[in-house]
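The values are calculated or read from the model by the stated rules, or taken from the named source; none is laboratory data. Fair warning: this is a prediction, and the values are worked out from it, not measured in the lab. Note: ideal-geometry Cβ built from the backbone for every residue, glycine included; neighbour counts use all protein chains shown. Calculation scope for accessible area: heavy atoms of the full protein, side chains included, ligands and nucleic acids excluded. Shrake-Rupley method; radii C 1.70, N 1.55, O 1.52, S 1.80 Å.
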Amino acid sequence: MPTKVTLSVNGKPVTREVEGRTLLVQLLREHLGLTGTHVGCDTSQCGACVVHVDGRSVKSCTMLAVQAEGTEVTTIEGLAAADGTLHPMQAAFREHHGLQCGYCTPGMVMSAVDLAQTHGQLDEKTVREGLEGNICRCTGYHNIVKAVLAGAEAMRADVPRAAE
Ligand code: FES
Ligand code: FES
């Protein structure tokens, strides 16, 4: 039986009827058209589906849509400023070549922003451990780690967002 779920997604109130089995990632992608959140596995291992729920990174394939009732969800689409200026972590991924095909990137960036917010100053070991739940099949991770360190530093320094 469909259930009504009301939450905030990227700052906008959203109400949808969902099935009890509908996952948060399905609500985002299939009901709201926010396809920046990717699905890369069926084992909850890859992290391509990471979004923020009430400010903390969550694998949206591990949460039911109804469990998100009343929460504030941010997806990769909600990270850049309204004028399109990239978030410092997005800008760092671009600058440090932290992606190749880009499939893992939305989840990587969302996890990285949470890591930076949680730890403030990051070191390489913390980044590598913190991204354990995010799989990249292209980059070999070295540039991702560099990007996360640089993005965290930019967030700490509150550097104005790099213009497109
Ligand atoms: S799709 Fe969620 S962890 Fe892979
Ligand atoms: S850039 Fe292709 S999977 Fe990470």
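Put simply, when 32-44, 106-118, 55-67 are sorted by average Cβ atoms within 10 angstrom per residue, most first, you get 106-118, 55-67, 32-44.
Here is the list for the stretch 56-145: GluC sites (Glu not before Pro) lying in DSSP coil, each with at most 14 other C-beta atoms within 10 angstrom of its C-beta, are E69, E132.
For the chain, lysine pairs separated by 8 or more sequence positions, or belonging to different chains, with Cα-Cα distances below 27 Å total 6.
The modelled label-to-label distance for the pair K4/E30, using points 7 Å beyond Cα in the direction of Cβ, is 2.2 nm. When the solvent-accessible area of the chain is split by element, carbon and sulfur atoms take up 50 percent of it, the probe being 1.4 Å. Net charge dipole, the chain: roughly 180 debye, given to the nearest 20, about the Cα centre with Cβ charges of +1 for Lys and Arg and -1 for Asp and Glu.
In the full protein context, the chain carries 52 Å² of accessible surface per residue, based on a 1.4 Å probe and ignoring ligands, DNA and RNA.
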